[in-house]
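Asks: My questions all concern the structure below.
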Amino acid sequence: MDVHGELNWGLLEPVYNEALHLELLDRGIDNEREKSLLCFYKHHKMEKHYQMDLVVDDIIVELKSVSELNSAHRAQLFNYLRLTKKPMGLLINFGQPSLQGERYAYYEETNECVLLDKNMNPVYTDEDE
């Protein structure tokens, strides 16, 4: 929230990426910026790889600066969670006057990514029941 308050909204994603990285370091929170994620096809290591925006301990942070979050943004985070087996991911959007964020848990047993509320409880929709 401090990054959004300082820089406001509508800048390019790399600016928020670097600013959030620096803000976390200033607060004594180690994080890895633009962490490379190797890709494999069957048993072959591929030359192509993904760059995750930020990784803080076991949390993947995917940053956006868009007018609205959509299913493609969520799918990107979900793919990172599934590939790394990390338990949690945050999707943060700096593209609106108010900071937007979504928190997801990854359940390795079911290979599902589930939206969490502010109390870290799974959010279910009528379609899920």
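No lab work stands behind these numbers, since they all come straight from the coordinates. Remember, predicted model here, so these are calculated numbers, not experimental data. Note that each Cβ is placed from the backbone with ideal geometry, even for glycine, and that neighbours are counted across all protein chains shown.
Asks: Net charge near residue 23, counting Lys/Arg +1 and Asp/Glu -1 over other residues with Cβ under 11 Å of its Cβ?
Replies: -3
Asks: Another one. Any idea how far the Cα center of the stretch 13-50 sits from the one of the stretch 79-108, in Å?
Replies: Going from one Cα centre to the other spans 13 Å.
Asks: Please give, to one decimal in nm, the separation of the simple spin-label points placed at residue 18 and residue 58, each 7 Å out from Cα toward the Cβ.
Replies: Going from the residue 18 label point to the residue 58 one covers 3.3 nm.
Asks: Provide the gained length on full extension for the span residue 38 to residue 117, in nm with one decimal, where the gain is 0.36 nm per separating residue minus the Cα-Cα distance.
Replies: 25.4 nm
Asks: Which value at 222 nm does the chain reach when only helices count, each DSSP H run of 4 or more adding -39,500 (n - 2.57), with the total divided by all residues and rounded to the nearest 500 deg cm²/dmol?
Replies: -8000 deg cm²/dmol
Asks: Comparing 13, 34, 47, which has the greatest mean-square fluctuation in the GNM of the chain with Cα pairs linked when under 10 Å apart?
Replies: 47
Asks: Report, by chain and number, residues whose modeled amide H sits under 5 Å from the one on residue 53, excluding near sequence neighbours (fewer than 5 apart, same chain).
Replies: So residue 53 has HN proximity to 63.
Asks: Continuing with the same structure: If packing is taken as the mean number of other Cβ atoms within 10 Å per residue, what is the order of 61-71, 1-11, highest first?
Replies: So the order, starting with the most tightly packed, is 61-71, 1-11.
Asks: Which peptide among 102-109, 49-56, 37-44 comes first, and what is the full order, when sorted by highest mean count of other Cβ atoms within 10 Å?
Replies: Descending mean neighbour count gives 49-56, 102-109, 37-44.
Asks: So what J values fall out for the stretch 42-58 if you push phi through Karplus, 6.51 cos²θ - 1.76 cosθ + 1.60 with θ = phi - 60°, rounded to Hz, Gly and Pro as x?
Replies: 6, 9, 9, 6, 8, 6, 6, 8, 9, 10, 7, 4, 9, 10, 10, 6, 9
Asks: May I pose another question? Taking a ≥ b ≥ c as the square roots of the eigenvalues of the Cα gyration tensor of the stretch 29-98, is the shape rounded (a/c under 1.5), prolate (a/b larger than b/c) or oblate?
Replies: Details: a/c = 2.16, a/b = 1.58, b/c = 1.36.
Here the stretch 29-98 falls in the prolate category.
Asks: Please work out which option in (1) 14.3, 50; (2) 13.9, 43; (3) 15.3, 46 gives Rg and Dmax of the Cα atoms in Å calculated from these coordinates, and answer with its label.
Replies: Only one option fits the structure, namely (3).
Asks: Run the numbers on the chain and let me know its relative contact order in percent, using alpha-carbon pairs under 8 Å that are six or more apart. Display every interim value, and only then the final one.
Replies: Details: 215 pairs, mean separation 24.9, N = 129.
Rounded, it is 19 percent for the chain.
Asks: Using a Gaussian network model of the chain with C-alpha springs under 10 Å, which one of 28, 89, 101 is most mobile by mean-square fluctuation?
Replies: Its mean-square fluctuation being the largest, the pick is 28.
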